[in-house]
Amino acid sequence: MHQEVLVTRKHEQPRAQPKPGFRPEVQGLRALAVLMVVTYHIWFGRVSGGVDIFLLISAFLLTLSFVRKLEAGRALDLGRYWLHMFKRLLPAVVVVLLGILAATALFVPRSRWSEILSQTWSSLFYFQNWALAANSVDYYATDQSIASPLQHFWSLSVQGQVFILWPLLFALAAVIAKAAKIRIRRAVLLVFGSVFVASLTFSIYETYTNQVHAYFDTRTRLWEFAFGTLLVLALPYLKLPQPVRVAAGWIGLAAMLSGGFILDVQGQFPGYVALWPLVAAALIILAGQTESPFGADRLLTWKPLIRLGDMSYALYLWHWPVLIIYLIWRGREEVGPVGGTAIIGLSLVLAYLTTRFVERPLRSLAWAEKKKRRAAVVIAVCVALVATPVAAWQGGLKLEADRLAANADENNPGAAALLPGYDGNHTDDPATYLPSLTSLASEAVHWRQPCSGASKPKSDVLAEGCGESFSENRGTEKNILIVGDSHSLQWLVPLQTIGDERGWRVTTLFKGGCSFAVAGQNLRSPDCDEWNRLALEYILERDPDVVVTVGTRATSGPDAGPEEVVTGLAPALKKLTDYGIQTVAIRDNPRFNDSPIECVEANGSGNDLCNPERSDHLAPEAPFVPLKEAAPDVGLIDLSDFICKADSCPAVIGNVFVYLDTNHITKSYLESLTFAFEQQWLHATGW
């Protein structure tokens, strides 16, 4: 997103030419793209396609520079290039990261600190996109207040990775050109044409099979950069008459501005649908400077737009954290016209100050340009300015978490506090609650290792969510398979503990947002049908001793409808029991509209808001009847009395936070109720 703007045609003479090779219409295009990103994020909660245009422009400008070097026979000097590039990119990043850290300390609940500190590392070192992909973050979440203020660094991470990869590919093209004795442009076409085809094919496939992951995956984005590179190669051969270029400019501009509303960007990017904004931007670049009073370039070369293009990088960096911090501070899910205008205004001020006093001075710092080691010093200082406070902050939080964990046996009985006649001498002290608000990242449930050998599914769709947990010190006496979404997966915690003691192998088949059911009935997500079909085939092939899944879906509040059996689960369990496979269904835990942990942070654990009525979230009795009718031998587990009290579902029980977020139980609390789970498990299975 941040390189000098160069020309593609030597004989083109723009009206305003600050220096040789400057293309102001491309700078205007950059400005419009960042405005699209900002306004769509703030007011529409949609993806605009503006980021994709940034990716194309980055590759377009980078390619112009490298092709000229290669054609002139100059050495690429990749080391100098990389040092020069990151010396220019990092200072603004550092300023924004430090601003986010300061705002986090002032306005963000402690329960979110750990996530933000962790993402600061991935943002600083350009792998934020992979961190988000690994966590399957939903970039299209309607409630942006729960998003990370660093989430937008995913695109900068992709660009940073490409800024390392692209010069290597140009070096490869140079080697090919020399070895094959062909023109450098043909070698570049061969290399980047191959990247375009391979990446686009993979992007279409992964977008179809795992769209949330595909959105952040560098491999699904390489073709967009390659499109910009190929555009440079094609421009000299696309000599169009002025009227055609005028039309192309306006068509491209109209398509660019409308794509986010016309297309289902949320469900289809970054597959072939991303061609829409890329082709739109290509038409604008192809139109160039038309020298016509009716050309789109008259708008794109408007001086205020050019100036905005100059600080588009900083504006992109600032707008998202300003938005997210505002939403967190005000406790809102969206902003209105006044709040949104204020956010844009503040973002513009911060972007101007960052560009004027940080980015430009360091970009033109002659001292750092003279020697490579000096540029390396600038980069090292930038990294240290962020790494030092983050490391110190995380170290302090770890000491706090270790202190609390050391006294857990005495202070944190968790579910045991609900036992009749419990006489533990713990006191309800918020300073001793577990898990520590700053160590919530460790509370997410995950298997110990991916499935391997005979346990590994043949299908990649299943393999991604297949995991195993077993004790290395004992023989495997029983094979248990947990199948379904995250509400099923979380019961891996007590099953792992029990399995370690008894020598069980516990396998998980997990897909976020996809409850186990027969294909065609559970429509919670578009690709659930295929996953459930494959999951059933895998289960029948593996023939485990018992299959475990969550059998009901709890309500999120008094107006959300009754608790009911998971749609399509009953016939799925019947199929398994017909094959002689034992099944166990677990009652769902309560779900809430707001985070109980954040409620306790804001109001204290004794506040009624943090202890909602049980009847608003769970039925008086577990609605297991349809499961029993379909599969009479199904085992049933209902731990509601160890998650809720008789009349309420508290956020804190026995000095342990019950919920990690709005609907998942913390690992700490799951561990505390293992004794109750084991009792019901043995009864449900007859073991």
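Figures for the structure shown
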quantity: Cβ pairs under 7 Å, 6+ apart, first in the stretch 360-372 and without any contact (Cβ under 8 Å) to a residue 24 or more places away in the chain, second of a type outside the set (A, V, I, L, M) and part of a helix (DSSP H, G or I); calculated: Trp367/Arg374
quantity: Neighbours by Cβ (under 9 Å, 6+ apart or cross-chain): first from the stretch 534-546, free of Cβ contacts under 8 Å to residues at least 60 places away in the same chain and closer than 20 Å to Lys478 by Cβ; second part of a helix (DSSP H, G or I) and open to solvent by less than 30 Å² (accessible area, probe 1.4 Å); calculated: Ile539/Leu576; Leu540/Leu576
quantity: Exclusive hit being more than 13 Å from Thr666 (Cβ to Cβ) and without any contact (Cβ under 8 Å) to a residue 12 or more places away in the chain, set Arg448, Arg403; calculated: Arg403
quantity: Residue among Leu348, Leu353 that alone is part of a helix (DSSP H, G or I) and in contact with a Leu (Cβ under 7 Å, 6 or more places away or on another chain); calculated: Leu348
quantity: Any hit, the stretch 385-397, residues being more than 21 Å from Val93 (Cα to Cα), open to solvent by 30 Å² or more (accessible area, probe 1.4 Å) and not in a helix (DSSP H, G or I); calculated: no
quantity: Among residues of the stretch 421-474, those that are closer than 30 Å to Gly654 by Cα, outside any loop (DSSP other than H, G, I, E, B) and acidic (Asp, Glu), counted; calculated: 1
quantity: 2 or more residues open to solvent by 60 Å² or more (accessible area, probe 1.4 Å) and more than 20 Å from Trp130 (Cα to Cα): qualifying helices (runs of 4 or more DSSP H) within the stretch 173-242; calculated: 184-209
quantity: Condition broken by Ser258, with the remaining ones in (1) among the hydroxyl-bearing types (Ser, Thr, Tyr); (2) over 24 Å from Ser155 (Cα atoms); (3) open to solvent by 20 Å² or more (accessible area, probe 1.4 Å) satisfied; calculated: (2)
quantity: Residue under evaluation Phe269, criteria (1) under 34 Å from the mean Cα position of the chain (by Cα); (2) modelled with pLDDT of 90 or more; (3) buried (at least 21 other Cβ atoms within 10 Å of the Cβ), criterion not met; calculated: (2)
quantity: Flag if Leu150 is outside any helix (DSSP H, G or I) and of a type in the set (A, V, I, L, M, F, W, C); calculated: yes
quantity: Qualifying residue in the stretch 346-365 (condition: open to solvent by less than 60 Å² (accessible area, probe 1.4 Å), at pLDDT 95 or above, of a type in the set (Gly, Ala, Ser) and touching a Phe, Trp or Tyr at 6+ places or on another chain (Cβ under 8 Å)); calculated: yes
quantity: Hey, Lys69 of a type outside the set (A, V, I, L, M), closer than 27 Å to Val377 by Cα, free of Cβ contacts under 8 Å to residues at least 24 places away in the same chain and in a helix (DSSP H, G or I) or not; calculated: yes
quantity: Some residue of the stretch 51-59 being under 20 Å from Ile344 (Cα atoms) and open to solvent by 10 Å² or more (accessible area, probe 1.4 Å); calculated: yes
quantity: Selected residue [in contact with a Leu (Cβ under 8 Å, 6 or more places away or on another chain), of a type outside the set (Phe, Trp, Tyr) and open to solvent by 10 Å² or more (accessible area, probe 1.4 Å)] from Arg74, Arg88, Arg80; calculated: Arg88
quantity: Residue in the stretch 195-209 that is under 19 Å from Leu168 (Cβ atoms), touching a Leu at 6+ places or on another chain (Cβ under 8 Å), at pLDDT 95 or above and among the β-branched types (Val, Ile, Thr) present; calculated: yes
quantity: Yes/no for Gly252 being modelled with pLDDT of 95 or more, among the small types (Gly, Ala, Ser) and within 29 Å of Tyr40 (Cα to Cα); calculated: yes
quantity: Candidates Leu156, Leu150, Leu165, Leu169 - the one that is surrounded by fewer than 17 Cβ atoms within 10 Å (Cβ to Cβ) and modelled with pLDDT of 95 or more; calculated: Leu165
quantity: Residues located in the stretch 272-308, provided they are open to solvent by 30 Å² or more (accessible area, probe 1.4 Å), touching a Leu at 6+ places or on another chain (Cβ under 9 Å) and more than 28 Å from His213 (Cβ to Cβ); calculated: Leu283, Leu299
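A quick yes/no check of all residues on (1) closer than 17 Å to Pro562 by Cα; (2) touching a Cys at 6+ places or on another chain (Cβ under 6 Å); (3) buried (at least 22 other Cβ atoms within 10 Å of the Cβ):
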{"position": "Ile597", "(1), (2), (3)": "no, no, yes"}
{"position": "Gly606", "(1), (2), (3)": "no, no, no"}
{"position": "Glu613", "(1), (2), (3)": "yes, no, no"}
{"position": "Val625", "(1), (2), (3)": "yes, no, no"}
{"position": "Pro632", "(1), (2), (3)": "no, no, no"}
{"position": "Val658", "(1), (2), (3)": "no, no, yes"}
{"position": "Thr662", "(1), (2), (3)": "no, no, no"}
{"position": "Thr666", "(1), (2), (3)": "no, no, yes"}
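Yes/no per residue for (1) buried (at least 16 other Cβ atoms within 10 Å of the Cβ); (2) at pLDDT below 85:
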{"site": "Leu437", "(1), (2)": "yes, no"}
{"site": "Glu443", "(1), (2)": "yes, no"}
{"site": "His446", "(1), (2)": "no, yes"}
{"site": "Ser452", "(1), (2)": "no, no"}
{"site": "Glu477", "(1), (2)": "no, yes"}
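The values are calculated or read from the model by the stated rules, or taken from the named source; none is laboratory data. In this text, all values refer to a predicted model and were calculated from it rather than measured experimentally. We place every Cβ from the backbone using ideal geometry, glycine too, and count neighbours over all the protein chains shown. These accessible areas exclude ligands, DNA and RNA; they are computed on the full protein's heavy atoms, side chains included. Shrake-Rupley method; radii C 1.70, N 1.55, O 1.52, S 1.80 Å.
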